[in-house]
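*Asks:* Handing you a structure now.
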Amino acid sequence: MFTEKKFKSTLNLYQKRIEEGIEQLVPPAETPPSRLHRAMRYSLGAGGKRLRPVLLMATRDLFTPEEDPVPAAVALECVHTYSLVHDDLPGMDDSSLRRGKPTCHVQFDEATAILAGDALLTYAFELIGRYYRHTPALGTSLIQDLSIASGSRRLIGGQMDDLLGEKTNYTSEQLKNIHLNKTAALITAAMTMGARIGHAPERDIQTLVQIGKCVGLTFQIIDDILDATSDDETLGKPTGSDLACGKATYIDFFGLDGARSQARAHTEKAKGLCQDLPGDTAFLMELIALMEHRIQ
Ligand code: GRG
């Protein structure tokens, strides 16, 4: 067990390494065309929790600490940030607030936000190619994990189905599948990429895939609960949007208490699976528990 103080200081250390990694590895704002690089950095720097890169680094630390996880962690945050920039666009969620700040298309303009998202996505793969070229097998598997998780059958496909869901009556099983694709896939990739950087055996990678699915589902259920029960200021983005655009959520199917108990069940399953992993999993287990109790 971690004390709360030890957990927070470890989390801060990971987050600090990620902030430094973003600062050092992403092209400076003045790189031409500077409007584009300013927009990329604006969205990357706009106060995210860095959950996915922290998961990647903490998972790597369960195994062999030989390879540097920071470039992969930054690449993952670039993909996550691109997805948020595009999700906020008028053609998708049409949101003007993200992480308590104007969204990229509001701060810059729509065309710049589209290009900044495109550039963040592309840059992620440049980073992995550049920093893991000395270990080609590792580099290739990182590219595979990240491209599959962010591709048309996972993140982008999940987003497509989610948008179609505004006009379709999905079943709870279909809703779960959307969330496995839209939310859990990148979270799972965080864990498998971390494990690959630590040269984990395939057996442990398969356990992490199961953990990632549970963590992703918990994360999305809590997202639904917060959208319905929190306020714009606490969340740093507009609340009540699911109801406003007629999207089905876990609360529609299971009620608030039912949704909460599903989140708890997924969290407990993930923590149980952590016990099958090697190394000191105390931090990872606390991080997983935090997802269920997050308020933003
Ligand atoms: C546009 C291809 C494409 C995909 C968009 C990100 C996304 C898919 C949809 C956003 C809708 C949403 C609320 C999804 C729930 C999961 C999620 C990605 C939440 C935001 O992630 P956090 O809370 O964000 O980790 P921060 O700001 O902390 O980085």
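Taken together, the values in this text are just the output of simple stated rules run on the coordinates, not laboratory data. Worth saying up front: this structure is predicted, and the values here are computed from it rather than measured. Please note: Cβ atoms are built from the backbone with ideal geometry, for glycine as well, and neighbour counts cover all protein chains shown.
*Asks:* Once a ≥ b ≥ c are taken as the square roots of the eigenvalues of the Cα gyration tensor of the range 157-296, is the result rounded (a/c under 1.5), prolate (a/b larger than b/c) or oblate (a/b not larger than b/c)?
*Replies:* prolate
*Asks:* Once both labels are modelled 7 Å past Cα along the beta-carbon direction, what's the ASP231-SER152 spacing in nm?
*Replies:* That separation, rounded to one decimal, is 4.5 nm.
*Asks:* Something else: Check ARG98: other-chain or 5+ apart residues with amide H under 5 Å from its amide H, H built from backbone geometry?
*Replies:* Excluding prolines and chain starts, which carry no amide H, the hits are THR103.
*Asks:* Using a ≥ b ≥ c from the Cα gyration tensor of the range 22-67 (square roots of the eigenvalues), is it rounded, prolate or oblate, where a/c under 1.5 gives rounded and otherwise the larger of a/b and b/c decides, a/b for prolate?
*Replies:* Oblate shape, in that a/c is at least 1.5 and b/c is the bigger or equal ratio.
*Asks:* Give me the distance between the Cα centres of the range 89-120 and the range 258-296, rounded to whole Å.
*Replies:* For the range 89-120 versus the range 258-296, the Cα centre distance is 32 Å.
*Asks:* Rounded to the nearest 500 deg cm²/dmol, what is the calculated helix-only ellipticity per residue at 222 nm for the chain, with -39500 (n - 2.57) per DSSP H run of length n ≥ 4?
*Replies:* Estimated from H runs of four or more residues: -22500 deg cm²/dmol.
*Asks:* When Rg is the radius of gyration of the Cα atoms in the range 10-293 and Rh is its Kirkwood radius, what does Rg/Rh come to?
*Replies:* So for the range 10-293, dividing Rg by the Kirkwood Rh gives 0.95.
*Asks:* Net charge near ALA73: determine it from the other residues with C-beta under 9 Å of the C-beta of ALA73, scoring Lys and Arg +1 and Asp and Glu -1.
*Replies:* Its environment carries a net charge of +3.
*Asks:* Now a separate question. Suppose a student asked you for the relative contact order of the chain, using Cα pairs under 8 Å spaced at least 6 residues apart; what percent would you report?
*Replies:* On the way: 424 pairs, mean separation 59.9, N = 296.
Relative contact order for the chain comes out at 20 percent.
*Asks:* Still on this model: Just to confirm my numbers, what's the Cα centroid distance between the range 224-245 and the range 1-38 in Å?
*Replies:* 26 Å
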